[in-house]
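Trainee: Right, I'll just put the structure down here and ask away after.
The values are calculated or read from the model by the stated rules, or taken from the named source; none is laboratory data. These figures come from a predicted structure and were not determined experimentally. We place every Cβ from the backbone using ideal geometry, glycine too, and count neighbours over all the protein chains shown. Accessible surface is based on the protein model in full, side chains and every heavy atom, while ligands, DNA and RNA are left aside. Shrake-Rupley method; radii C 1.70, N 1.55, O 1.52, S 1.80 Å.
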Amino acid sequence: MKRSWWLLVLALLAGLLGPVPSAVALAPRPLADPAAAGTIPIVGASNFRDVAGDGLALRGGGQMATGVVYRSSKLSGLTADDVAALEAAGITAILDLRTPRVAAGSPDVPVPGAEYVLMDLFAGRSLSTSGLRTAAQARAHMREMNRRFVTVAAQRRALARVLRAIIAADGPVVIHCTHGKDRTGWVSAMLQVVAGVPTDTIVEQYLLSNTYRAAEIQRKVDAARAASGSRRAGVVKELERLRASYLEAGLATARHRYGSVHRYLTRGVGLSADELAALRARLVVG
């Protein structure tokens with residue numbers, strides 16, 4: 001009788017509360033765990049996650065749609081399980097933002113059902129890091145790299161191609177560069193701007209790369225210190241670890257040149273009002 005009573009209670013609760021959330025939803029793993037990336041468990045890319053987070057809140061209400069655009073570091077290290085997970089998620093396009101030379105040297109692992117498209121966001125105009133000697137120079141380099149997404153016409157045209165590819169995609173898309181933090185960080189920020197995510201949240205999402213890549217960053221800094229000393233380690237740390245000021249330099253340049261980031265996307269990048277509306281419709285729930 002006692003067992004039957006408990007079964008009745010559980011049945012009533014199930015009817016009142018609906019389906020019980022999964023264990024993953026109830027107890028998410030730490031962000032530093034690569035297997036916790038986004039809603040797809042990827043272990044072969046150190047910075048894989050959903051551009052929408054868990055459904056980022058928007059100004060004025062609503063939330064960003066998950067499962068539409070994922071961001072990542074290079075996909076050359078995908079495992080067989082990673083590939084199967086991406087295929088099961090219905091990924092239809094992989095937009096590689098790296099330069100042709102770098103992409104050829106470390107090619108992505110193919111994902112069945114996903115079209116691979118190389119879209120050099122630097123448009124052949126990347127900045128060299130070979131002459132950087134101090135941490136201050138490295139920080140200035142990172143700020144200038146983000147400004148150039150706004151000031152270099154070829155990079156604006158490249159961004160337009162990326163955003164139009166996302167608009168045209170038949171299903172979920174993955175965007176990535178080498179580490180998934182700079183070029184991917186800028187594109188992700190632009191998607192969040194279009195969706196209506198508050199700027200403070202956009203910066204927070206940008207800085208999450210430091211969490212996802214923490215072990216990788218430390219290895220590179222330690223290797224630089226062992227090979228070339230503390231000064232070089234300081235340079236590497238600034239190049240690998242993001243600061244809010246890096247993204248903010250690009251955003252401020254867009255506002256200064258065009259009046260707002262939205263006007264940068266229309267007047268600078270060249271998206272029409274209809275294209276922006278179509279992109280926002282993909283990125284926002286409902």
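Trainee: Hey, among Arg156, Arg139, which residue is open to solvent by 50 Å² or more (accessible area, probe 1.4 Å) and either at pLDDT 95 or above or part of a helix (DSSP H, G or I) (or both)?
Mentor: Arg139
Trainee: Restricting to the range 200-224, name every residue that is more than 19 Å from Ala52 (Cα to Cα) and in contact with a Lys or Arg (Cβ under 7 Å, 6 or more places away or on another chain).
Mentor: So in the range 200-224, the residues more than 19 Å from Ala52 (Cα to Cα) come out as 214-224.
If the condition is that a residue be more than 19 Å from Ala52 (Cα to Cα) and in contact with a Lys or Arg (Cβ under 7 Å, 6 or more places away or on another chain), then Ile217, Val221, Ala224 are the ones that fit.
Trainee: Scan (1) touching an Asp or Glu at 6+ places or on another chain (Cβ under 7 Å); (2) open to solvent by 20 Å² or more (accessible area, probe 1.4 Å); (3) β-branched (Val, Ile, Thr) for the single condition Val111 breaks and write down its number.
Mentor: (2) is the only condition that Val111 fails.
Trainee: Moving on to the next point. Mind checking which helices (runs of 4 or more DSSP H) fall wholly inside the range 1-114 and carry at least 1 residues that are at pLDDT below 90?
Mentor: 2-17, 23-26
Trainee: Residue check, Ala85 against (1) within 23 Å of Val236 (Cβ to Cβ); (2) surrounded by 14 or more Cβ atoms within 10 Å (Cβ to Cβ), all met but one. Which one?
Mentor: Here Ala85 meets the rest and fails (1).
Trainee: So Arg148 fits all but one of (1) out of contact with any Ser or Thr (no Cβ under 8 Å at 6 or more places or on another chain); (2) surrounded by fewer than 17 Cβ atoms within 10 Å (Cβ to Cβ); (3) of a type outside the set (Phe, Trp, Tyr); what number is the exception?
Mentor: The number of the failed condition is (2).
Trainee: Quick one: how many residues across the range 91-107 are within 18 Å of the chain's Cα centre (by Cα) and touching a residue at least 40 places away in the same chain (Cβ under 8 Å)?
Mentor: Final tally of qualifying residues: 8.
Trainee: Just checking, does the range 241-258 include any residue being more than 19 Å from Arg156 (Cα to Cα) and in a helix (DSSP H, G or I)?
Mentor: Yes: the range 241-258 contains one or more residues that are more than 19 Å from Arg156 (Cα to Cα) and in a helix (DSSP H, G or I).
Trainee: Thr184 passes all but one of (1) under 17 Å from Ser209 (Cβ atoms); (2) surrounded by fewer than 24 Cβ atoms within 10 Å (Cβ to Cβ); which number fails?
Mentor: (2)
Trainee: List every residue pair whose Cβ atoms sit under 8 Å apart, with the two residues 6 or more apart in sequence or on different chains, where the first one lies in the range 108-123 and is over 19 Å from Ile40 (Cα atoms) and the second, anywhere, is assigned to a loop (DSSP other than H, G, I, E, B) and among the hydroxyl-bearing types (Ser, Thr, Tyr).
Mentor: Partner pairs satisfying both residue conditions: Asp120/Thr99; Phe122/Thr99.
Trainee: Quick check on Thr253: is it farther than 30 Å from Gly44 by Cα and either at pLDDT below 95 or polar (S, T, N, Q) (or both)?
Mentor: In short, yes.
Trainee: Okay, moving on. If you take the residues in the range 259-286 that are not in a helix (DSSP H, G or I) and not hydrophobic (A, V, I, L, M, F, W, C), which one is farthest from the chain's Cα centre (by Cα)? First the steps, then the outcome.
Mentor: Step one: of the range 259-286, the residues not in a helix (DSSP H, G or I) are 259-260, 269-272, 284-286.
Next cut, not hydrophobic (A, V, I, L, M, F, W, C) only: 259-260, 270, 272, 286.
Working: Gly259: 25, Ser260: 22, Gly270: 22, Ser272: 24, Gly286: 22 Å.
Restricting to residues being not in a helix (DSSP H, G or I) and not hydrophobic (A, V, I, L, M, F, W, C), the top hit is Gly259.
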